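Everything below concerns the one structure shown next.
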Amino acid sequence: MQERARGVALSPGDAVLVVGAGAMGRGIALVAASAGHPVFLADVSEEARRRALTAIAEELEGGVRKGRMSAEEADAIRERIQAVAEPQGVASQVRLVIEAIVEDLEVKRALFASLEPLVPSEAILATNTSSLSITAIAAPLARPERVVGMHFFNPPSRMKLVEVVSGLATASEVAQTIRDTAVRWGKIAVMARSTPGFIVNRVARPFYAEALRVLAEGAADCATLDAVVREAGGFPMGPFELMDLIGHDVNFAVTSSVWSAYFYDKRFQPSLIQQELVWAGRLGRKSGRGFYDYAEGASRPAAAEVPPCHDRVPSAVVAVGEFGPFSALLERLAAAGVEVQRRPADTGTGPVRIEAANVWIVPTDGRTATRLAHEHGHADVVVLDWARDWAQTLRAAVARADGCAQDSWACALGLLQRAGIAVTPLDDVAGLILARTVAMLANEAADAVLAGIGTPRDIDTAMRYGTNYPLGPLAWAEAMGVARIVGLLDRLAEHYGEDRYRVSPLLRRHLWNERPLDGGDEGEKK
């Protein structure tokens, strides 16, 4: 195991300078002051300083009301924060500078250039940038080795994750000091290398991109797709409601930035649908309308769900092949009184499936139901989307082949309903919605590991705490089976004929060895 870089967390008495009194800056100032540091919160705008101090006071008062702290503790935190107009006037007193100003490379460079000769020699210059290169920000400075990314997530006082990002020149002990400081401040810190999007903003792109593509193909409406991702996948929000919350101007700008920074790789290509929303000023919640209408009195559309088909449920089914993570569905059917017979797959006899009367219910492998029907000469095919946990899921998405008979379709629907699952119909798109989203998230995470952006453990941790995913993408790939992920991606690539769905070499390599994708001991060694 490699020796960890030496770094010592800042002491509570070390002063911190936060530049920028917007939502991020004031949140970071509150976090630092809550950890015991004297904090200077700098902003040239008197109004911004006033709003920041008011917002900090209100948040502290809320903490007192909820019993999270005493009134005396809140007063002590508030007294440790001093608002100033010019950061240069206090720079000589601080051990750490954290800038949280506009996302503009030249503006950030100019700020650090003005502060570098004023701060003590041991002071660290940290940037809260979410997308700009740490290497580029630090390059003009005399001592670029003390510049590091300290990327908080909004709101900083409640979100646990901090990405500690090293540029080419960042000293390892500087990055380790910031990591240890973030941990002492009560955060979960992950180490990342400076590349477009770092960990979270890169790996999260497929969560939005696949949903937008499925919407563009007319598979279902936003409310339906959101419900499947949220209820079957266990995500706290569906992709469309999350984009509305983030703001389409922000989300589209991040996607466009990552896309251009990776030299227009198809995997990060922005959506024309989202571009139209931005042009129309439909930015989401903050403008009152995005994918959903947030006007007072506006009704929220319901997810599509098929009516009960209980009279079409057969008394017995045959489960053909190895079901892996879908086995819990068979157990639910058995518990609901359906006799489940098992039969091993024979070479050339078709996909893993549930045979019920004349219908095949096939867990999606990336092929459409219509393609499966054509390839196997069996018209009545229904494909089943993935779920986070088949033992507990209350919703599942399905699609049927173009030639599937209505009676066979009703039989498949009724069977799933008998297991206590609400069934959501989608049009017959490749990979449906949850399966292709999970597979692409895992693929992107694997490529981030391969590129040395972070360890498997840090990447999974970042996605769990930076986006509140129910599982890290690599852990999810292990749970589903890497071969299943690779197979689905290969079939998506074949279906679309695009490089967008190319499989990460790390996933391919995993098929021939026994090392876990989520890091295991390897995650500690890197």
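The values are calculated or read from the model by the stated rules, or taken from the named source; none is laboratory data. Worth saying up front: this structure is predicted, and the values here are computed from it rather than measured. Cβ coordinates were reconstructed from backbone atoms using ideal geometry, including for glycine residues, and neighbour counts include every protein chain displayed.
Take the residues in the stretch 302-329 that are farther than 19 Å from Ser408 by Cα and without any contact (Cβ under 8 Å) to a residue 60 or more places away in the chain; name whichever of them is surrounded by the fewest Cβ atoms within 10 Å (Cβ to Cβ). Only one residue fits best here, namely Glu322. Pairs only if they're at least six apart or on different chains, beta carbon under 8 angstrom, first in the stretch 210-232 and free of Cβ contacts under 8 Å to residues at least 12 places away in the same chain, second buried (at least 22 other Cβ atoms within 10 Å of the Cβ) and not hydroxyl-bearing (Ser, Thr, Tyr); list them, first residue then second. Partner pairs satisfying both residue conditions: Arg230/Gly238.
Look at Arg65 and say whether it is of a type outside the set (Gly, Ala, Ser) and loosely packed, with under 12 Cβ neighbours inside 10 Å.
Details: of a type outside the set (Gly, Ala, Ser): yes; loosely packed, with under 12 Cβ neighbours inside 10 Å: yes.
Yes, satisfied.
Residues that are without any contact (Cβ under 8 Å) to a residue 60 or more places away in the chain, surrounded by 24 or more Cβ atoms within 10 Å (Cβ to Cβ) and in a loop (DSSP other than H, G, I, E, B) occur at least once in the stretch 399-414.
Within the stretch 352-370, residues that are of a type in the set (Lys, Arg) have Cβ atoms under 6 Å from residues that are surrounded by fewer than 23 Cβ atoms within 10 Å (Cβ to Cβ) in these pairs: Arg353/Val320; Arg367/Arg491, counting only partners at least 6 apart in sequence or on another chain. Tally the residues that are closer than 27 Å to Pro206 by Cβ and assigned to a loop (DSSP other than H, G, I, E, B), restricting the search to the stretch 288-309. Qualifying residue count for the region: 10. Checking Ile188 against (1) among the β-branched types (Val, Ile, Thr); (2) surrounded by fewer than 22 Cβ atoms within 10 Å (Cβ to Cβ); (3) out of contact with any helix residue (DSSP H, G or I) (no Cβ under 6 Å at 6 or more places or on another chain): exactly one of these is not met. Which one? Status for Ile188: all satisfied but (3).
The single condition among (1) within 22 Å of Pro308 (Cβ to Cβ); (2) touching a strand residue (DSSP E or B) at 6+ places or on another chain (Cβ under 9 Å) that Gln406 does not satisfy is (2).
Taking the criterion of being surrounded by fewer than 24 Cβ atoms within 10 Å (Cβ to Cβ), in contact with an Asp or Glu (Cβ under 6 Å, 6 or more places away or on another chain) and over 19 Å from Gly149 (Cβ atoms), would at least one residue in the stretch 222-236 satisfy it? No, the stretch 222-236 has no match at all.
Among the numbered conditions (1) buried (at least 24 other Cβ atoms within 10 Å of the Cβ); (2) of a type in the set (Ser, Thr, Tyr); (3) in contact with a strand residue (DSSP E or B) (Cβ under 9 Å, 6 or more places away or on another chain), the only one that Thr437 does not meet is (3). Across the stretch 273-287, a minimum of one residue is classified as of a type in the set (D, E, K, R), surrounded by 13 or more Cβ atoms within 10 Å (Cβ to Cβ), in a loop (DSSP other than H, G, I, E, B) and touching a residue at least 40 places away in the same chain (Cβ under 8 Å).
Sort out which residues of the stretch 105-124 are part of a helix (DSSP H, G or I), charged (D, E, K, R) and surrounded by 13 or more Cβ atoms within 10 Å (Cβ to Cβ), and write them in order of number. Explain how you work it out, then say what you get.
Keep residues of the stretch 105-124 that are part of a helix (DSSP H, G or I), which gives 105-115.
Within this subset, residues satisfying the condition of being charged (D, E, K, R) are 106, 108-109.
Of everything in the stretch 105-124, those that are part of a helix (DSSP H, G or I), charged (D, E, K, R) and surrounded by 13 or more Cβ atoms within 10 Å (Cβ to Cβ) turn out to be Lys108, Arg109.
In this structure, does Leu41 turn out to be at pLDDT 95 or above, of a type outside the set (D, E, K, R) and closer than 21 Å to Pro12 by Cα? Explain how you work it out, then say what you get.
Numbers: at pLDDT 95 or above: yes; of a type outside the set (D, E, K, R): yes; closer than 21 Å to Pro12 by Cα: yes.
Spelling it out, Leu41 is indeed at pLDDT 95 or above, of a type outside the set (D, E, K, R) and closer than 21 Å to Pro12 by Cα.
Here's a check for you: in the stretch 42-62, which residue that is of a type outside the set (A, V, I, L, M) and surrounded by 15 or more Cβ atoms within 10 Å (Cβ to Cβ) is nearest to Glu145 (Cα to Cα)? Only one residue tops the list, namely Asp43.
Within the stretch 89-104, the set of residues being in a helix (DSSP H, G or I) and surrounded by fewer than 15 Cβ atoms within 10 Å (Cβ to Cβ) comprises Gly89, Ser92.
Of the residues making up the stretch 427-439, at least one is touching a Pro at 6+ places or on another chain (Cβ under 7 Å) and modelled with pLDDT of 95 or more.
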